[in-house]
1. For region 39-52, which positions are part of a helix (DSSP H, G or I) and either over 23 Å from Gly225 (Cβ atoms) or modelled with pLDDT of 95 or more (or both)?
2. Tell me which residues, restricted to region 87-102, are surrounded by fewer than 12 Cβ atoms within 10 Å (Cβ to Cβ) and either within 21 Å of Ser199 (Cβ to Cβ) or not basic (Lys, Arg) (or both).
3. Count, please, the residues in region 229-238 that happen to be buried (at least 19 other Cβ atoms within 10 Å of the Cβ) and of a type outside the set (Val, Ile, Thr).
4. When Gly63 is evaluated against the numbered criteria (1) closer than 22 Å to Cys214 by Cβ; (2) without any contact (Cβ under 8 Å) to a residue 12 or more places away in the chain; (3) open to solvent by 60 Å² or more (accessible area, probe 1.4 Å), which criterion, by number, is the only one it fails?
5. Residues of region 123-132 being outside any helix (DSSP H, G or I) and surrounded by 14 or more Cβ atoms within 10 Å (Cβ to Cβ), which ones?
6. If I go through region 213-222 residue by residue, how many of them are open to solvent by less than 40 Å² (accessible area, probe 1.4 Å) and either at pLDDT 95 or above or not in a loop (DSSP other than H, G, I, E, B) (or both)?
7. Does Leu135 fit the bill of being loosely packed, with under 11 Cβ neighbours inside 10 Å and in contact with a helix residue (DSSP H, G or I) (Cβ under 9 Å, 6 or more places away or on another chain)?
Amino acid sequence: MLKGGMGKRAWLLLILPGMLFVTVFMLIPLFSIVISTFFPEDAFTLNNYGKLLESVYFQQVFGRSVRLSLLSTLLCALLGFPCAYYISRYSKHKGVMMALAVFPLFTSPVIRSFSWMVILGRKGIVNQFLVNVGLFNRPQSLLYNEFSMTVGFVQLFLPQMILSLLGVMDSIPEDLTEAAGSLGAPRFVAFLRIIFPLSVSGLVTGAVLVFTGCMTAYTTPQLLGATDTQVLSTMVYQYAMSLRDWVQASAVAMVMIVVTMLVSGVFNHLSKKINPLAT
């Protein structure tokens, strides 16, 4: 067993490769992006961020990005929680159910987005069903809007929410709910008082993953959205590749990073309010 200075040196040697990888391929590029937004011409300025904040177009894109990300996160939580709870507690084929939950992750987001283009198109399955049942007289425009983008986000990131919840729910002893039932607590009350608070950490982890993924996703909004439904990720591409304005693209990217960090902090704060034992 390593002790003292020898143990510390061995510990440092173990983490050194990972630290170098993160520093070279993430921290240094991120730091260069930050520097370029504040020092575009070797002089400190906040004009790049001022232009963004004053732009009505940026305000609309920013609001749309945050709104769609929060809505997709909420839908993933509402759909993923009962699914994870069923797999964890009642499914007799847990391995098969988990495999089905993970299976969409093995498909490219490009393929999934093209699939939704076929399903939600004017001649797609959804429109044919709506017309056949008499809800509409003609096919509806279900593509290239916020609805199709939300559907794509939920289908893309729902497996991550389910897996995050499953990892926590599997560690909750069944004896707790049985003890609550023996003391006269109805099953729903036991769920609200025991299962839900103890699952908050997994719910927060899944929410952070889904929100971050939605804020930074490019393929899904590019294929399922349109020019008038842009989000921050497509805006970065527009500035960088179409307008060749790398400084403004870096400023938008920094806004995405800051918003993601702030929302993640809010999620963690709320989890501690719901469950003081959450870390």
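1. Quick first cut of region 39-52, residues part of a helix (DSSP H, G or I) only: 47-52.
Once the filter is applied, which keeps residues that are part of a helix (DSSP H, G or I) and either over 23 Å from Gly225 (Cβ atoms) or modelled with pLDDT of 95 or more (or both), region 39-52 yields Asn47, Asn48, Tyr49, Gly50, Lys51.
2. As a first pass, look at region 87-102 and keep what is surrounded by fewer than 12 Cβ atoms within 10 Å (Cβ to Cβ): 90, 92-93, 95-96, 99.
Residues satisfying the conditions are Tyr90, His93, Gly95, Val96, Ala99.
3. 4
4. Against the list (1) closer than 22 Å to Cys214 by Cβ; (2) without any contact (Cβ under 8 Å) to a residue 12 or more places away in the chain; (3) open to solvent by 60 Å² or more (accessible area, probe 1.4 Å), Gly63 comes up short only on (3).
5. The first filter runs over region 123-132 and keeps only residues outside any helix (DSSP H, G or I), leaving 123-124.
Gly124, the sole residue that qualifies.
6. Applying the first criterion (open to solvent by less than 40 Å² (accessible area, probe 1.4 Å)) to region 213-222 yields 213-215, 217, 220-221.
Checking which are either at pLDDT 95 or above or not in a loop (DSSP other than H, G, I, E, B) (or both) leaves us with 213-215, 220-221.
Qualifying residue count, region 213-222: 5.
7. Values: loosely packed, with under 11 Cβ neighbours inside 10 Å: yes; in contact with a helix residue (DSSP H, G or I) (Cβ under 9 Å, 6 or more places away or on another chain): yes.
When the stated conditions are applied, Leu135 passes them.
Yes/no matrix, rows are residues, columns are (1) in a loop (DSSP other than H, G, I, E, B); (2) more than 28 Å from Thr212 (Cα to Cα):
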site	(1), (2)
Val102	no, no
Ile111	no, no
Leu135	yes, yes
Leu143	yes, no
Thr150	no, no
Gln155	no, no
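The values are calculated or read from the model by the stated rules, or taken from the named source; none is laboratory data. What you see is a predicted model, and the numbers here were worked out from it, not measured in a lab. Cβ coordinates were reconstructed from backbone atoms using ideal geometry, including for glycine residues, and neighbour counts include every protein chain displayed. Surface areas here come from the heavy atoms of the whole protein model, side chains and all, with no ligands, DNA or RNA. Shrake-Rupley method; radii C 1.70, N 1.55, O 1.52, S 1.80 Å.
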